[in-house]
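Please read the structure below before turning to the comments.
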Amino acid sequence: MPFKEIKNKVKILFAEDVPVHNIMAKEILRKEGLNFDFLLVDEKEAFRKALTEFKPDLVITDYMMPDFTGMEALLLSLAVNPDIPVIILTGSISEEVAVECMRSGATNYVIKENLVRLPFAVKEALQKKIALMEQRKAILALQESESRLQTITRSAGDAIIMIDNDGLISFWNPAAEKILGYNEEEAAGKNLHELIAPPEYQKDFHAHFDIFRHSGEGNAIGRILELEAIRKNGDRIHVSLNLSAVKIKELWHAVGIVSDITERKKFAEELLSAKIRAEASDRLKTAFINNISHEVRTPLNGILGFSELISQPGLPDQERSQYSSLIKKSSNRLLRTITSYMDISMIVSGTMQIQNKPFDLKESMHDLLDQFRPACQAKGLDLLLKVPVQELPIIVNSDAELLVKIISHLIDNAVKFTPVGVISFGYTMKPQGLEFFVKDTGIGISKELQPRIFEHFIQEETSFTRNYDGSVLGLSIAKGLVESLGGKIWVKSQIGSGSEFHFTLPHNETEAMMPGRVKKEKVEIITKEPVILVAEDDEPNYILIDILLKKEGITVIHATNGKEAVELCRKHPEISLVLMDMKMPELNGMDATYEIKSFRKDLPVIAITAYAMSGYERQEVGSGCDDYIAKPISKEKLLALLRKYF
């Protein structure tokens, strides 16, 4: 427990005008084991009266109250009892106000949003008060008896050090040895400042020590200073110094109480760092929301607008075809945007699933060439694929889907930022693995920006990319996926001279990259007239699939839920394939597939999934489905999938 060292019941005076805040403060102190009595006031006169009548051991005051402020409470407390610890408890406080409070004598301050710090602040304040009382007793005992001084100082938790009129160490307690590393024999008779003070303090010491020797006065006497000291091992530590002047045999000596506050300073720095990170997180959230709003509403505006126009009667075929093309273009952009947000969320949360299996690398690269050639031709760009000259296929044991997605984002980025010229992509074979590249002759990236281009929403903070659309997540997704696959990614670029993106993929020498052909999975070929059961509860989705299938001469049976799909498969042995939506009422697609496979093991079941994120679709295939297709369903993808079975 934080307060196990504090045995006596503590009296705390609370100055707070919001009762719930006081309740929370008391509750967290009791929860941490502090035994205390309290008095709550919210007016200045009541506070002044409580200081003299209640006689608190500690004051915890809100900074801003209707009748008076935390600064007034602090000054009133110190006027009545200079030794009473005062903790400022506030909802918000500027650094300037905090510094002023500490300079005026506040022991600490705690932000209400970080109330968990209150027990530590209270413990520190009470311990300081106890330590101060012990220190004063020690100084009085020093004047009365040297032996009594030894007993007290050797049990003190803080270092107690005395220097004589020449600045030489005359007393060095065990705590000083613990904090500074020198034992009593090593320290005795040494010049204190030469022993432990950093060089930057030496000039100030020599300038003021002669004044102290003759008058007992100095800029550090009677004050609590936070300084740095050098331990015996050379480490620098932060210390708090409470220095007093003592006259012995007509000569002035100095007694210092030294506390190691290194951890406290570190904690304060961590708090400041956390504050900076929180502010940065708020800015990122704002950028995220703004980006989502723009990137979703923009294509959605095109979809809704041209959908309304295309339905107008008497529309010329040329305009109808143009509107249809624009609807499709906007839909594809919206789908890419949503997919990017899903991908980045899985990367950030660490839930991206990797499915490694052998695949033909050259085949995947040529598919990418075919995929991006139309977009490059539309901008007048040349798209080149550069791979090692080798007749046999290159078989890679990795996640083909994620690899294609990485290269797709890099090529898409190159197309976006290359007005004219050439885009090339490919790979080279290195001893440590495969190294992929995407090069362009585009606008380039400044050296100052290069270390940050893989961050999320970096476009929000830069001007040269602001005229280009996109979710600005492509490069951060590519980086996340590369690292998920065990590789690393980097960029080489100059403004006006294009960019080169490189990334590596590790491989297992025995299986990851070897000549040969991927063994094709055996697929049952159905030669009879196909009858397909479509299990889909959403009417527009079913109508779309029904139209696409019937135009191909396929008989369609409809089930509106998973339970009905199971019953229809029992009643209709002529069903040769099932298109199974994964999310349906009564019985979901996974459970329905499991039941169907229990009595028709060889019946192909294709999952229809709206969870188009890496990992989810594999879960559906793993649950018993033979394949999957993601929504939104296109005619080309659906028919290409069915050709595997018919």
In nm, give the distance between the simple-model label positions of Leu195 and Val420, each being 7 Å from the Cα along the Cα-to-Cβ direction. 7.8 nm
Added length on full extension, which subtracts the Cα-Cα distance from 0.36 nm per residue, Val404 to Glu228: 57.8 nm
Rounded to whole Å², per residue accessible area for the chain with a 1.4 Å probe reads 54 Å²
Taking Cα centroids, how far is segment 42-80 from segment 331-352 in Å? 55 Å
Local electrostatic count, Ala274, Cβ distance below 13 Å [Lys/Arg +1, Asp/Glu -1]: -1
Anisotropy class of segment 336-407 from Cα gyration tensor, a/c 1.5 cut: oblate
Does segment 237-372 classify as rounded, prolate or oblate by the C-alpha gyration tensor (a ≥ b ≥ c root eigenvalues; a/c under 1.5 gives rounded; else a/b over b/c gives prolate, otherwise oblate)? prolate
Longer than 19 Å from Cα to Cα, which of Lys123/Lys265; Lys447/Lys492; Lys49/Lys112; Lys416/Lys488; Lys26/Lys266; Lys49/Lys128 are they? Say none if no pair is. Lys49/Lys112; Lys416/Lys488; Lys26/Lys266; Lys49/Lys128
Tail weight of P(r) past 20 Å, computed on alpha-carbon pairs of segment 186-277, percent: 45 percent
Gap in Å between the Cα centre of segment 208-237 and the Cα centre of segment 546-578? 89 Å
Can you give the Rg to Rh ratio for segment 70-115, taking only C-alpha atoms and Rh from Kirkwood? 0.96
Kindly state, to the nearest 0.05, the FRET efficiency for Ser155 paired with Glu72, given R0 = 41 Å and r defined as their beta-carbon distance. 0.60
Give me the accessible area of Met352, 1.4 Å probe, in Å² rounded to the nearest 10. 30 Å²
Rounded to one decimal in nm, the spacing of the 7 Å Cα→Cβ label points at Glu529 and Asn114 is 7.6 nm
Where a ≥ b ≥ c are root eigenvalues of the Cα gyration tensor, a/c under 1.5 meaning rounded, otherwise prolate if a/b exceeds b/c and oblate otherwise, segment 35-104 counts as prolate
Please report the accessible area of His206 (heavy atoms, 1.4 Å probe, ligands and nucleic acids excluded) in Å², nearest 10. 110 Å²
Given the Cα-Cα distance of His208 and Lys265 and 0.36 nm per residue of separation, how much length would full extension add, in nm? 17.8 nm
Amide H contacts under 5 Å for Asp399, restricted to residues at least 5 apart in sequence or on another chain and with H modeled in the peptide plane, are Lys357
If I ignore ligands, DNA and RNA and count only protein heavy atoms, how much of Arg600 is accessible to a 1.4 Å probe, in Å² to the nearest 10? 50 Å²
Suppose accessible area is computed on protein heavy atoms with a 1.4 Å probe; arrange Phe36, Phe646 from highest to lowest. Phe646, Phe36
Just to confirm the filter: which trypsin sites (Lys or Arg not before Pro) across segment 225-284 are DSSP coil and have at most 14 other Cβ within 10 angstrom of their Cβ? Arg231, Lys232, Lys249
R0 = 45 Å: FRET efficiency of Ala245 with Val18, Cβ-based, nearest 0.05? 0.50
Averaging 1/r across every pair of distinct alpha carbons in segment 333-377 and inverting yields a Kirkwood hydrodynamic radius, in angstrom, of 13.1 Å
Find how much the distance from Leu272 to Glu363 grows on full extension, using 0.36 nm per residue of separation minus their present alpha carbon separation; answer in nm with one decimal. 27.5 nm
Could you calculate the FRET efficiency of Lys571 with Lys31 from 1/(1 + (r/R0)^6), where r is the beta carbon distance between them and R0 is 51 Å, rounded to 0.05? 0.20
With every protein chain in place, segment 1-146: carbon and sulfur % of accessible area (1.4 Å): 54 percent
Less than 14 Å Cβ to Cβ from Arg264, Lys/Arg counted +1 and Asp/Glu -1: what total charge do the surrounding residues give? -3
Convex hull volume per residue for the chain, taking Cα atoms only, in Å³: 275 Å³
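The values are calculated or read from the model by the stated rules, or taken from the named source; none is laboratory data. Bear in mind the structure is a predicted one, so any value in this text is a computation, not a measurement. All Cβ positions, glycine included, derive from the backbone under ideal geometry; neighbour counts span all protein chains shown. Just the protein is used for accessible areas: all its heavy atoms, side chains included, with ligands, DNA and RNA removed. Shrake-Rupley method; radii C 1.70, N 1.55, O 1.52, S 1.80 Å.
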